Amino acid sequence: MPHRNAPLSETGRLRLARCVVDDGWPLRRAAERFQVSPTTAKRWADRYRAQGPAGMVDRSSRPLRSPRRTPAPVERKVLHLRAKRRWGPARIAGRLGLAASTCHAVLARAGVARLAHLNRATGRPVRRYEHAAPGDLVHVDVKKLGNIPDGGGWRTRGRQQGKRNRAATAGVTRNHRRAPVIGYSYLHTAIDDHSRLAYTEILTDETRETAVAFWHRAHAWFTSCGITVRRVLTDNGAAYKSHLWRDPLATAGITIKKTRPYRPQTNGKVERFHRTLTEEWAYAKPYSSETARRAALPDWLHAYNHHRAHTALGGHPPASRVPNLTGQNI
């Protein structure tokens with residue numbers, strides 16, 4: 001493909017060559033007519049004589065010989081390590097004593113898929129899916145998150161100061177009782193498979209009673225968004241195997257699906273959402289307390305659902321896939 005400043009397209013080259021070869025124009029006159037150098041005019045005229053109109057196309061800039069290219073036996077070693085160990089270019093380079101860029105070039109020439117697109121256990125490409133409409137499938141999962149002591153935790157204050165803040169916060173009393181503010185919180189999340197619209201609550205545990213109460217609120221929220229939930233996908237945790245979980249969903253006509261054992265990738269959309277949640281909210285800034293971090297969640301969640309560009313949705317937010325959803329412009 002000619003570059004943007006090229007004076008001649010393939011059609012222009014053919015016209016120039018025909019003026020010189022067929023009509024007998026001098027090279028200098030043809031060069032002036034088409035605003036190129038005589039050398040350029042001669043090149044296209046010579047190609048036309050030798051190859052005809054087919055010679056007017058651009059040729060590959062790849063050299064006929066590459067004496068410094070990585071030898072074939074070394075390339076086979078690189079590809080063998082990738083197939084057997086599923087290592088990246090840097091690790092393969094360390095084993096073979098090569099440059100990482102060399103290993104990357106070998107893998108790229110062979111058309112090897114990126115590790116991010118492969119199942120590490122089997123080496124096969126990950127099969128991705130997406131349901132056709134909102135509510136066809138809702139992923140549900142729980143993320144365990146450490147609480148932040150008053151004054152900041154070790155991530156921002158260092159190990160020593162973080163321990164002191166933790167000890168001081170654990171001793172705070174509320175209503176004359178020791179407050180269990182240090183420990184873990186549990187992020188319960190329900191995310192729609194088609195739109196990636198997410199509902200999250202910070203709760204104190206992951207028992208079946210807590211999980212069921214969360215689902216009732218999540219279901220009501222999806223209904224308020226105009227989404228009719230038809231299926232729910234969870235892992236095989238104890239809370240989701242109980243009758244307390246199954247009976248309300250069955251009564252509402254919702255089909256319950258379970259992930260394959262030891263295969264968290266099956267519930268990958270909510271797993272990926274939790275990663276985004278921790279990177280962009282939980283550890284995105286040095287919060288001074290757990291209360292401050294929790295106070296920031298509603299705004300972040302609204303921005304995620306209504307404004308944040310999602311790469312899987314072509315750069316649009318999840319709300320763009322839910323018809324008549326209010327709040328997109330807030």
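Bear in mind these aren't lab numbers, they're just calculated from the coordinates by the rules spelled out. Keep in mind the model is a prediction, meaning the values are calculated, not measured. No Cβ is skipped: glycine too gets one built from the backbone with ideal geometry, and neighbour counts run over all protein chains shown.
I need the Kirkwood Rh of the stretch 10-56: take the reciprocal of the average 1/r across all distinct C-alpha pairs and report it in angstrom.
Here the Kirkwood hydrodynamic radius works out to 9.9 Å.
Give, to the nearest whole percent, the P(r) tail of the stretch 72-117 beyond 14 angstrom, counting all Cα pairs.
Counting pairs separated by more than 14 Å, the tail of P(r) holds 37 percent.
Can you bin the chain into rounded, prolate or oblate? Criterion: square roots of the alpha carbon gyration tensor eigenvalues sorted a ≥ b ≥ c, rounded for a/c under 1.5, prolate for a/b above b/c, oblate for the rest.
Since a/c reaches 1.5 and a/b is larger than b/c, the shape of the chain is classed as prolate.
If you build a Gaussian network model of the chain, linking Cα atoms that sit under 10 Å apart, which residue out of Gly97, Gly151, Gly237 swings the most?
Maximum among the listed residues: Gly97.
Taking the Cα centre of the chain as the origin, how large is its charge dipole in debye, to the nearest 20, when only Lys and Arg (+1) and Asp and Glu (-1) carry charge on their Cβ atoms?
In debye, rounded to 20, the chain gives about 1880.
How much length would be gained if the chain were fully extended between Ala72 and Ala213, taking 0.36 nm per residue of separation minus their Cα-Cα distance, in nm to one decimal?
Working it through step by step, the gained length comes to 44.6 nm.
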